[in-house]
Amino acid sequence: MGAIVAIVGRPNVGKSTFFNRLIQRREAIVDAISGVTRDRHYGKSDWNGKEFSLIDTGGYVLGSDDVFEKEIDKQVELAIDEADAIIFMVDVETGITGMDEDVANLLRR
């Protein structure tokens, strides 16, 4: 079995779109509305002959009062703990935001 790779970032940076592209199917829901992905989604991918498992995560939001966001954050943290490698995804059009820095700090730990 190959490595486990988690895709992590703030909401709406394209994590689910990238996940779908790598698994070559439309399994993850993609929407402009934030918070659509709440649980971890798993898929298998092959990149240049290397097989690996991929985890799509919801957007990480530090310090939210929303009970759903707290549970999404727990799912993100579980995926990070499970992963052998992490893809930290940001939105190049909006640039690095404070929420991106929060995710980066989480990953540094």
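Give the residues of the stretch 1-28 that are out of contact with any Lys or Arg (no Cβ under 6 Å at 6 or more places or on another chain) and in a loop (DSSP other than H, G, I, E, B), sorted by residue number. Within the stretch 1-28, 1, 2, 10, 11, 12, 13, 14, 24, 25, 26, 27, 28 meet the criteria. Here residue 96 fulfils each of the conditions (1) in contact with a strand residue (DSSP E or B) (Cβ under 9 Å, 6 or more places away or on another chain); (2) of a type outside the set (Phe, Trp, Tyr); (3) within 17 Å of residue 15 (Cα to Cα) apart from (1). Those strands (runs of 3 or more DSSP E) of the stretch 38-109 in which 3 or more residues are without any contact (Cβ under 8 Å) to a residue 40 or more places away in the chain occupy 41-47. The set of residues in the stretch 38-69 being more than 13 Å from the chain's Cα centre (by Cα) and under 22 Å from residue 102 (Cα atoms) consists of 62, 63, 64, 65, 66, 67, 68, 69. Filtering the stretch 63-90 to residues that are within 16 Å of residue 12 (Cβ to Cβ) and modelled with pLDDT under 95 leaves 64, 66, 68, 69, 72, 73, 76. Could you grab me the full set of residues in the stretch 53-71 that are among the hydroxyl-bearing types (Ser, Thr, Tyr) and either under 25 Å from residue 84 (Cβ atoms) or in contact with a strand residue (DSSP E or B) (Cβ under 6 Å, 6 or more places away or on another chain) (or both)? The answer is 53, 57, 60.
Let's see how each residue does on (1) modelled with pLDDT under 95; (2) farther than 17 Å from residue 89 by Cα; (3) among the small types (Gly, Ala, Ser):
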site	(1), (2), (3)
8	no, no, no
13	yes, no, no
26	yes, yes, no
34	yes, no, yes
37	yes, no, no
40	yes, no, no
46	yes, yes, no
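The values are calculated or read from the model by the stated rules, or taken from the named source; none is laboratory data. None of these values were measured; they are calculated from a predicted model. Positions of Cβ are backbone-derived with ideal geometry, glycine not excepted, and every protein chain shown enters the neighbour counts.
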